[in-house]
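Below: one structure, written as structure tokens.
Rule-based calculations on the coordinates, nothing more; no lab input. What you see is a predicted model; the values in this text were computed from it and never measured. Cβ coordinates were reconstructed from backbone atoms using ideal geometry, including for glycine residues, and neighbour counts include every protein chain displayed.
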């Protein structure tokens, strides 16, 4: 009896001690505490502490995790009330395309750069030429011009460039990336003249009542010129890759996308990954123009991550730019369209047979399809082709998860088909600010106001994402959040008030929903035990700050798998 009493006493003492001192759990490498942690696991889920071990989330709690997960070597970081979120996931941009542009002339209008007229463009190019000692015969490249924001309200043409640059080929990339202006030297270099026919899916714009090219080339007419542009050496490319990754990281991005990689670009990124040069996860979309090379040599790599590089899917471009008036609509534009005289609805870049051939090849091989489609005409073409392809297949994979990039002017009836086929629209709400006023003029109130209809889409239960399409607009994810919540144009109008979403919904579009788009939701996109410790720390709380101040928030740190890859200089530990 005495022995039993002793055993009971020891048991009670053990229970009492356990209640007083929580048992030690697995020891963390890092513990963040005393913060405002937005886990993205549901709006009601709150936390103040996050523990990390081996680059993954070990624990998340509304109370301190120090007592249970701190060891002698654990680094403890006091967030001091700052906000922690999962690292931002870039749903669509052009990381690798931006690499060479970093070294070229930025000819964008405010707020991106300082160009207000065609004379400013010429001066920017002259300054670049002098600063870089560009020799006779060498290319001069500018990027980001927007005719709607120029005082002349038109595209530059070769006549604007020829006098200033009689000996150098000039290439000016439109802000959309879907067209460009070149000078006479470039036209001669490429053999483009009044006898050159428009390629299928493209336009060589001519002067009125003439076959003489103006220098403006659209869509597929742009491809041979882009291929002729100089490319960085492998050594220069690695330096530029480091710079562009740092830029992405400074905006809280831990997963980036290269949204249209030619085969050479993919080989470069693969080489960088093999050498351990990637500090971000990079989702690569294989450009459809090089589909043969990808399917012949890298079919097995689609969907697999290696050294932070993942060949995510095949990118197909089915139409162009709405502000550039090459996006394909079911109804005409309301303003004059360069290169078109009547019934100007834009045009598709591919036929149904071409689009269907690519889609079927992907569906049968289990490769995710990413299709650029801005206008509702292009979306109709995609949806009709999708149905045509799956009807022709004996077995259709269960989780195609096809992504329609931009989906800018999708109609409600098309959204119903997105839901039926479990498709993901990747929206682009920055257009509301940068080109909202332009869309109102070109398309009218009804069409323009339904641009990137995120509220309707989310209310229908469709997973959607949001993106910057960098370098079309700046890579700034907080500005992107601001445009999704506010939908304010440059002139101060609210474009489609009914499609404004809450800050939490806006954050979903650049975190967990973007992870879903890439079929990576099991690894990232929320702060959850077992997921990668990809995190961003903000000075402010996006859920409580005034909606009009969202774009002014500050990224303090970006963390990739537990390691800080960006830290604002003013931050001190």
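What nm value, rounded to one decimal, do you get for the distance between residue 364 and residue 26 when each label is placed 7 Å out toward the C-beta?
4.4 nm
Taking only the Cα atoms of the stretch 176-327, how large is their convex hull per residue, in Å³? If you can, show how the numbers build up before the last one.
On the way: hull volume 21.4 nm³, N = 152.
Enclosed volume per residue, from the Cα hull, is 141 Å³.
Given labels modelled 7 Å from the Cα in the Cβ direction, how far is it in nm from residue 62 to residue 529?
1.6 nm
Among (i) 88, 56, 51; (ii) 112, 57, 50; (iii) 100, 58, 44, find the value of Cα extents along the principal axes in Å that was calculated from the structure presented, and write down its label.
So the calculated entry is the one marked (ii).
Taking only the alpha carbons of the stretch 104-228, what extent do you get along each of the three principal axes, in Å, biggest first?
Reported extents, whole Å, longest axis first: 36, 32, 25.
Compute the FRET efficiency between residue 421 and residue 223 as 1/(1 + (r/R0)^6), taking r as their Cβ-Cβ distance and R0 = 45 Å, and round to the nearest 0.05.
Working: r = 30 Å, r/R0 = 0.66.
Rounded to the nearest 0.05, the efficiency is 0.90.
Rank-order 386-393, 116-123, 477-484 by packing density, defined as the average count of other C-beta atoms within 10 Å over each peptide's residues, highest first.
On the way: 386-393: 14.8, 116-123: 17.4, 477-484: 25.6.
Packing order, densest peptide first, comes out as 477-484, 116-123, 386-393.
If you take the beta carbon distance between residue 546 and residue 242 as r and set R0 to 41 Å, what does 1/(1 + (r/R0)^6) give as a FRET efficiency, to the nearest 0.05? Walk me through the numbers before you get to the answer.
Details: r = 36 Å, r/R0 = 0.88.
For R0 = 41 Å, the calculated efficiency reads 0.70.
Please state the Cα pair-distance histogram of the stretch 497-573 with 5 angstrom bins from zero: what percent is in each bin?
Percent of Cα pairs in each bin: 3, 13, 19, 22, 20, 14, 6, 2, 0.
Give me the one-decimal nm value for the distance between modelled label points at residue 522 and residue 130, 7 Å along each residue's Cα-to-Cβ direction.
According to this spin-label approximation, the distance is 5.9 nm.
Which whole-angstrom value gives the distance between the alpha carbon centres of the stretch 185-251 and the stretch 361-431?
28 Å
How far is helix 234-250 tilted, in degrees, relative to the longest principal axis of the Cα atoms in the chain, given as a value from 0 to 90 rounded to the nearest 10?
60 degrees
Going by alpha carbons, how many degrees (0 to 90, nearest 10) lie between the helix axis of 118-131 and the longest principal axis of the chain?
Once rounded, the angle reads 70 degrees.
Residue 139 to residue 159: FRET efficiency via 1/(1 + (r/R0)^6), r the Cβ-Cβ distance, R0 22 Å, to the nearest 0.05?
Values: r = 20 Å, r/R0 = 0.89.
With R0 = 22 Å, the Cβ-Cβ based efficiency is 0.65.
Helix 477-486: angle to the longest alpha-carbon principal axis of the chain, degrees 0 to 90, nearest 10?
80 degrees
Quick one: work out the % antiparallel among DSSP beta bridges in the chain, nearest 5.
Antiparallel bridges: around 45 percent, rounded to the nearest 5.
Under 12 Å from a point placed 7 Å out from the Cα of residue 498 along the Cα-to-Cβ direction: which residues of the stretch 409-423 have their backbone N that close?
From the stretch 409-423, the list is 412.
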